[in-house]
Structure formats: structure tokens, C-alpha cells
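Here's the structure we're looking at; comments come further down.
The values are calculated or read from the model by the stated rules, or taken from the named source; none is laboratory data. Remember, predicted model here, so these are calculated numbers, not experimental data. Cβ atoms come from the backbone with ideal geometry, glycine included; neighbour counts cover every protein chain shown. The area values use the complete protein model at the heavy-atom level, side chains included, leaving out ligands, DNA and RNA. Shrake-Rupley method; radii C 1.70, N 1.55, O 1.52, S 1.80 Å.
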Amino acid sequence: MSARADLVRAWAGVHPTRPAAVLLLISGLLSLLGAQALIESLGFLLFETPVSLLLLVPVIAGIAVGVGTSSAIGVPLPEPRRLLPARLGWLLALTTAGCLAVSAGQLVAPAITWQAGVRNLLLHAALAVVTVGLAGPAMAWVPPVALTLASMVFGYPPSEPRYYWWAAIMEETVTPGQWAVATGLFLGAAVVYTCRPLTVGYIGRHSRLHAGPAPARPGDG
């Protein structure tokens, strides 16, 4: 048991677990304290219908999941196959923590049900995880925030109390089709994260760090 605990601590130690945990804690507190809060405007922009804060909290939790999947070390290639279930388990643990955080508001008469928050968490986590794999944890916030702002500002027809299909993260109810899309995107991101090499690098960095010294060229002195 001690050896397994040491392994978990070591795995958490090579990932940015603390920043991810802080973001998840913030998500849980916002969900709990803002369970009944409604946002009617964004600066000078007025929304056709108020937006529940519980629909926006998953942005932070999804970023936390993405940040938590980045790694501070590399391993020799080809990598051991036992890392595949370890990475999948780590992603599922982060996502479960994210689901609990965004659902914390369900304890205090929330404005919406937990399904909408979990749907949004899966979508934002999928975007953040793929972004971290491609561009690093510093960019994990860009797609979730961009999608949310676009959905809030441009996601509904003028003078109509509904959202376009691509802005479903603003809807308080969840359809079977939305579950299918959110789950499918998350599973796709999980496959990408689980199966990609566990290296320091994002695009191009692995080859620079692991290629070793450049071979000497004739005439080099």
C-alpha cells in the first residue's frame, strides 16, 4: 500500500497538480457560492436571457483538467506501455474532481441541474487537454474562453430566446445529442492524451531535447 501511495505521489509530483487543484478549488467555491447567480450582461453587452453562473464555472474546471495533464519530465522512447493506463487514470481522476467541483452548487438550491455543468466540463476539458498537448499548459485557457465568449455574444439569433447548436454550452437543459457530442469529444481527447508520447515537449521540443548533440561536420574545429 505504501509503495502504491509513493507511486501516486511521484506521479502527482511530475505534473502541475497544485495549480490544477487551486483552479478546481476555485471552481467548487464559485459553484457553491454562485449557485443561484445569473449574469445579465457582459460589459456593455446585454444578453437576451440571463446566463447562470453554473454554466460558466466549468470553463475554469476544464482548464484545470487540461493544465493537470501537462508533464514536467520526459521518458525514453518507445515508452513503457504501463504508462498508458496510468495517464488514462490520471485524466479520469482530474475529470472526476472537475465534475464534483462544478456540481458543488447542487447542495444549495441551484439555478440549474448538474447535467448542464458536467456537459460543459467535458467539452472544456476536451479542448484544454488537446491544447495542452499541442501548445503547452500556458495556452490551455484559450479555446474554452474563446468558445464561451463567442457563445455568449454571438450564440443566439437576434430577439430570439434560444442558442445556436454550436453554443449549446449556454443552454440549461441537456439533450441526448449534446451528451453524445460532449462525451465523444472528451473520449477523443482522452485517446490523444493517453496515446501520445509522455515527453516534456509540445510540437518540436521533443526532438530538440532528446536528439543529443549534433554530429560533427567536416571542417568543424
*Can you spot a residue in the range 65-81 that is at pLDDT 85 or above and surrounded by fewer than 15 Cβ atoms within 10 Å (Cβ to Cβ)?*
no
*Does the range 135-156 include one or more residues that are crowded, with 24+ Cβ neighbours inside 10 Å and at pLDDT 95 or above?*
yes
*asked:* Can you pull out every residue in the range 167-186 that is part of a helix (DSSP H, G or I) and crowded, with 19+ Cβ neighbours inside 10 Å?
replied: Ala168, Ile169, Met170, Gln178, Ala182, Phe186
*Within the range 18-56, track down each residue that is open to solvent by 20 Å² or more (accessible area, probe 1.4 Å), in contact with a helix residue (DSSP H, G or I) (Cβ under 9 Å, 6 or more places away or on another chain) and in a loop (DSSP other than H, G, I, E, B).*
Gln36, Ala37, Leu56
*Out of all the residues in the range 89-107, is one or more over 25 Å from Phe47 (Cα atoms), assigned to a helix (DSSP H, G or I) and β-branched (Val, Ile, Thr)?*
yes
_Please go through the range 48-66 and give me each residue that is out of contact with any Leu (no Cβ under 7 Å at 6 or more places or on another chain) and among the polar types (S, T, N, Q), ordered by number._
Thr49
